[in-house]
Amino acid sequence: MATVPQTPPTKEPGKPGLLAKVRDTQVWKSIFRHGYPDTQRNRALAVLSNVFLHLHPVRVRKSGIALSFTWCMGGVTFFLFLVEAVTGILLMFYYRPVAYSAYNDIQELRETIPLGLMRELHRWGAHAMVLTVWLHMFRVFMTGSYKPPREFNWVVGVVLLLLTLLLSFTGYLLPWDQLAIWAITVGSNMARATPLMGHEGPGASLLTLDGEHLVTAGSDVRFALLGGRFVGENALLRFYVLHCVFIPVIAVMLMAVHFWRVRKDGGISGPL
Amino acid sequence: MNTLFEYILKPVMTFVAKPHILLPASSVALVLTLKYYRTVTKPKIAATIGLVLAGLLVVSCFDPNFKKNILKPDNVPIVLLLFGLLFFLWLSLRRAAINDEAAERGEPPLEARMKRESVLVWPDLVMIELICLVLVSAVLVFWAIFIRAPLEEPASAALTPNPSKAPWYFLGLQEMLVYFDPWYAGVLLPTLIIVGLMAIPYVDTNPKGSGYYTLKERKFAITVYLFGFIIFWVVLITIGTFLRGANWNFFGPYDKWDPHFQQPLKNINISEIFWVKMLKQGMPSEWYIRELPGLLMAGAFMLLGPLILAKTVLKDLFRKLDIVRFSVVAVLMLFMISMPIKMLGRWLINLKYVIYIPEYFINI
Ligand code: HEM
């Protein structure tokens, strides 16, 4: 957006401070195409000309941003997702998803790597994100914000909820300790019982070809998820790829849809 | 003081924590809260309730077993969840009470009074976001400094820990495994939860209560949602995390998880009750005859259930909704009701399965 930069009004005319001088340089002006956001016009431009803030409209209804209305839970969930992305990338520098090194890499992290808080931040951030996503959904329900025209955004939200849980679940395996593999074993054992598609699921034994069972421990959905009959090396690699690439990419795309829809559906809900 | 703790508080809490007491008790508490929400949410009363619960938590921490269980690193979020949920339940019901009282005086809700004003995103909203961001970061950093992420022994496929627990957010489903087989508790119920949640905006055709807190105008929808979320999700997670030890046996909040404790299992199927206990004869060998009583009961539940619902609890809804929407609501409700029914069956007559067809892994 082409705008004419305005010189910021300084308190004492004739004695521009250091900050004011910096703001007057060509470099600064090339980045921020508006003056200091203390006039209506510049405040509008601050939002409009910034790709990140541009998620927001320029003006919002006061009822929509009241902390006691939204609890800022959606925003906090998104922030926690960003924290997970940053700490997750740092963890990826040190962690190799193979059975012989995964556990040792995690141990290294806690013992020898500087800024060893990354794993803690990542784990507690993940737990916190699960909590805030539930509370966000609770808020949206209690304010009836899923009612028309926001029905579809609620559906997008439910998928985001599922993705959040799956992100957390796939990450749970990566430390490759007893806690990890047995929690994932218990969780993925459920897939064995999927109707028709798990080898212990209702009806699976009816699917036969020339008397051979089609759905066995070596061909059911659990096998597809784990890449084997139990939680082993293949499962570790699969969960790593799902956790670090596949699910986050889908989640980011859906979040973009979610935020876009909040605006297109008329901003944060309010009484008619 | 100590005797009070040992001889009154501990036995009472251990009794209340038993699943067959805790689930009905928390359901009653929820119903009462929703019925008397205007009184319960008055700041003084709500603060008292909160302080009493927090006090119980603090006092209980004098017990080493309780403290160990609560402070296990991965269990911390559940304690946060419980208190966070209570706080936000209070906040939303309090706002609902204020708005509902205003509506009775013919005034618009709080949100409508604020709505007319519009503000600039910069600085008003950006400031709020910044403050939230700083607060959340601070909490997270403190959490990370004071509680280390757990790391147990290296993974070993040969050493099965007892109990083996799923991650904490799935423990409600794992707790349902006490009452149902994996295909029902681990596959069907989660699928229905997701589908059911997605269906909410399309089956709730009540135009009122959009964009502001209210309870009076949406009593049915909010009651069902809170039952699902609080009782069947959060309370079950709490039981699964804190009260289930070795072999998924129940242990009170102050008990040590004794790995050798075995509860005698003497659960019984409907078919056995019918053929052996009532008719005093052997079990028929063909599964479709053997399971006929159970199949009839389940069939009646799914077919007559919607009719009964239409005449009773869902009478108003039946009048307002078209047949497709009503059927979706009725079916989802029946599956939700199937959980407490099976639980009651277990607690009252040691019911194991209504339908037991191991030939095809169809056990309900
Ligand atoms: C990763 C997960 C999610 C993120 C990052 C997210 C983020 C957000 C944000 C930032 C808002 C703006 C208002 C607010 O902060 O409350 C919002 C609104 C909304 N969210 Fe989410 N959300 C997520 C999951 C969900 C879930 C699980 C649901 C429901 C099932 C949901 C349904 C909605 C709806 C309907 C709105 C519009 C609310 C209104 O207009 O008042 N979202 N979301």
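The values are calculated or read from the model by the stated rules, or taken from the named source; none is laboratory data. Keep in mind that this is a model prediction, so the values were computed, not measured. Every residue, glycine as well, gets a Cβ built from its backbone with ideal geometry; the counts of neighbours run over all protein chains shown. For accessibility, only protein heavy atoms count, side chains too; no ligands or nucleic acids. Shrake-Rupley method; radii C 1.70, N 1.55, O 1.52, S 1.80 Å.
When you scan segment A:23-35, do you find a residue that is closer than 30 Å to A:Val231 by Cα, among the charged types (D, E, K, R) and in a helix (DSSP H, G or I), even just one?
no
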Inset, instruction - Any residue in segment B:123-146 that's farther than 30 Å from A:Tyr36 by Cα and touching a residue at least 24 places away in the same chain (Cβ under 8 Å): show its pairings with residues that are among the aliphatic types (A, V, I, L, M) and open to solvent by less than 40 Å² (accessible area, probe 1.4 Å) at Cβ separation under 9 Å, as long as the two are six or more apart or on different chains. - result: B:Trp143/A:Leu121; B:Trp143/A:Ala128; B:Trp143/B:Val76
Inset, instruction - Check A:Arg192, A:Arg261, A:Arg229 and return the single one that is open to solvent by 20 Å² or more (accessible area, probe 1.4 Å) and within 15 Å of the ligand (Cβ to nearest atom). - result: A:Arg261
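Picking from B:Phe170, B:Phe227, B:Phe180, which residue would you name as being aromatic (Phe, Trp, Tyr), more than 8 Å from chain A (Cβ to nearest Cβ), more than 16 Å from the ligand (Cβ to nearest atom) and assigned to a helix (DSSP H, G or I)? Spell out how you get there, then give the answer.
Working: B:Phe170 fails: more than 8 Å from chain A (Cβ to nearest Cβ); B:Phe180 fails: assigned to a helix (DSSP H, G or I).
Exactly one residue qualifies, and that residue is B:Phe227.
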Legend entry - Residues satisfying the stated conditions in segment B:99-109, i.e. open to solvent by less than 60 Å² (accessible area, probe 1.4 Å) and closer than 14 Å to B:Thr41 by Cβ: B:Asn99, B:Asp100
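Residues are listed down the side, and each one gets a yes or a no for (1) facing chain B (nearest Cβ under 7 Å); (2) more than 21 Å from the chain's Cα centre (by Cα); (3) not in a strand (DSSP E or B):
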residue: A:Val156; (1), (2), (3): no, no, yes
residue: A:Val159; (1), (2), (3): no, no, yes
residue: A:Leu162; (1), (2), (3): yes, no, yes
residue: A:Leu167; (1), (2), (3): no, no, yes
residue: A:Gly171; (1), (2), (3): no, no, yes
residue: A:Ser188; (1), (2), (3): no, yes, yes
residue: A:Ala191; (1), (2), (3): no, yes, yes
residue: A:Thr194; (1), (2), (3): yes, yes, yes
residue: A:His199; (1), (2), (3): no, yes, yes
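Residue by residue through segment B:40-73, note down the ones that are polar (S, T, N, Q) and touching a Phe, Trp or Tyr at 6+ places or on another chain (Cβ under 9 Å).
B:Thr41, B:Ser60, B:Asn65, B:Asn69
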Legend entry - Given (1) free of Cβ contacts under 8 Å to residues at least 12 places away in the same chain; (2) within 22 Å of A:Ala180 (Cβ to Cβ), index of the condition B:Glu175 fails: (1)
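Identify all residues within segment A:72-112 that are among the aromatic types (Phe, Trp, Tyr) and either at the interface with chain B (Cβ under 7 Å from one of its Cβ atoms) or without any contact (Cβ under 8 Å) to a residue 60 or more places away in the chain (or both); write none if there are none.
Across segment A:72-112, the qualifying residues are A:Phe79, A:Phe93, A:Tyr94, A:Tyr100, A:Tyr103.
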Inset, instruction - Would you confirm whether any residue within segment B:262-273 is without any contact (Cβ under 8 Å) to a residue 24 or more places away in the chain and open to solvent by less than 70 Å² (accessible area, probe 1.4 Å)? - result: no
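Give the residues of segment A:140-154 that are within 7 Å of another protein chain (Cβ to nearest Cβ), within 8 Å of the ligand (Cβ to nearest atom) and touching a residue at least 60 places away in the same chain (Cβ under 8 Å), sorted by residue number.
Of everything in segment A:140-154, those that are within 7 Å of another protein chain (Cβ to nearest Cβ), within 8 Å of the ligand (Cβ to nearest atom) and touching a residue at least 60 places away in the same chain (Cβ under 8 Å) turn out to be A:Thr143, A:Ser145.
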Legend entry - Residues satisfying the stated conditions in segment B:205-214, i.e. more than 7 Å from chain A (Cβ to nearest Cβ) and buried (at least 22 other Cβ atoms within 10 Å of the Cβ): B:Thr214
Inset, instruction - From the list B:Phe229, B:Phe220, B:Phe250, pick out the single residue that is without any contact (Cβ under 8 Å) to a residue 24 or more places away in the chain, assigned by TED's automatic domain parsing to the domain that holds B:Ile70 and surrounded by fewer than 19 Cβ atoms within 10 Å (Cβ to Cβ). - result: B:Phe229
Inset, instruction - Could you run through segment A:52-67 and say how many residues are near the ligand (Cβ under 10 Å from one of its atoms) and either under 11 Å from the mean Cα position of the chain (by Cα) or more than 7 Å from chain B (Cβ to nearest Cβ) (or both)? - result: 2
Legend entry - Count - residues of segment A:232-258 that are more than 13 Å from every other protein chain (Cβ to nearest Cβ) and either in a loop (DSSP other than H, G, I, E, B) or within 13 Å of the ligand (Cβ to nearest atom) (or both): 11
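Just to be sure, is A:Leu162 away from the ligand (no atom under 16 Å from the Cβ) and free of Cβ contacts under 8 Å to residues at least 12 places away in the same chain?
Numbers: away from the ligand (no atom under 16 Å from the Cβ): no; free of Cβ contacts under 8 Å to residues at least 12 places away in the same chain: yes.
Spelling it out, it is not the case that A:Leu162 is away from the ligand (no atom under 16 Å from the Cβ) and free of Cβ contacts under 8 Å to residues at least 12 places away in the same chain.
Residue under question is B:Val126, and the condition is that it be open to solvent by less than 60 Å² (accessible area, probe 1.4 Å), among the hydrophobic types (A, V, I, L, M, F, W, C), under 30 Å from A:Trp124 (Cβ atoms) and over 32 Å from the mean Cα position of the chain (by Cα); does it hold? Working first, answer last.
Details: open to solvent by less than 60 Å² (accessible area, probe 1.4 Å): yes; among the hydrophobic types (A, V, I, L, M, F, W, C): yes; under 30 Å from A:Trp124 (Cβ atoms): yes; over 32 Å from the mean Cα position of the chain (by Cα): yes.
Yes; evaluated as a whole, the condition is true for this residue.
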Inset, instruction - Would you check which residues across segment B:147-162 are under 18 Å from A:Phe230 (Cβ atoms) and of a type in the set (Asp, Glu) and list them? - result: B:Glu153
Inset, instruction - Can you tell me which residue within segment A:114-138, out of those that are more than 9 Å from chain B (Cβ to nearest Cβ) and in contact with an Asp or Glu (Cβ under 7 Å, 6 or more places away or on another chain), is farthest from the ligand (Cβ to nearest atom)? - result: A:Ala126
Legend entry - Of the criteria (1) buried (at least 20 other Cβ atoms within 10 Å of the Cβ); (2) more than 29 Å from B:Pro161 (Cα to Cα); (3) of a type in the set (Ser, Thr, Tyr), which one B:Thr241 fails: (2)
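From the residues in segment A:54-90 that are hydrophobic (A, V, I, L, M, F, W, C) and touching an Asp or Glu at 6+ places or on another chain (Cβ under 9 Å), which one is surrounded by the fewest Cβ atoms within 10 Å (Cβ to Cβ)?
Here is the first cut: in segment A:54-90, the residues hydrophobic (A, V, I, L, M, F, W, C) are A:55, A:58, A:60, A:65-67, A:69, A:71-73, A:76, A:78-83, A:85-86, A:89-90.
Restricting the remaining residues to those that are touching an Asp or Glu at 6+ places or on another chain (Cβ under 9 Å) gives A:60, A:65-66, A:69, A:72, A:79.
Details: A:Val60: 19, A:Ile65: 23, A:Ala66: 16, A:Phe69: 25, A:Cys72: 24, A:Phe79: 21.
Result: A:Ala66.
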Inset, instruction - Tell me, yes or no, whether segment B:106-114 has at least one residue that is among the acidic types (Asp, Glu), within 30 Å of B:Leu215 (Cβ to Cβ) and at pLDDT 90 or above. - result: yes
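Among the residues of segment A:68-82, write down those that are near the ligand (Cβ under 10 Å from one of its atoms), in a helix (DSSP H, G or I) and touching a helix residue (DSSP H, G or I) at 6+ places or on another chain (Cβ under 8 Å). Spell out the reasoning first.
Just the residues of segment A:68-82 that are near the ligand (Cβ under 10 Å from one of its atoms), to begin with: A:69-82.
Of the ones still in play, those that are also in a helix (DSSP H, G or I) are A:69-70, A:73-82.
Within segment A:68-82, A:Phe69, A:Thr70, A:Met73, A:Gly74, A:Gly75, A:Val76, A:Thr77, A:Phe78, A:Phe79, A:Leu80, A:Phe81 qualify.
Mind checking which helices (runs of 4 or more DSSP H) fall wholly inside segment B:267-364 and carry at least 1 residues that are under 29 Å from the mean Cα position of the chain (by Cα)? Step through it out loud before you land on a result.
Details: elements: B:287-290, B:292-311, B:315-320, B:323-349.
Fully inside segment B:267-364 and qualifying: B:292-311, B:315-320, B:323-349.
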Legend entry - Residues (more than 7 Å from chain A (Cβ to nearest Cβ) and more than 30 Å from A:Gln178 (Cβ to Cβ)) located in segment B:127-167: B:Met127, B:Leu130, B:Ile131, B:Val134, B:Leu135, B:Ser137, B:Ala138
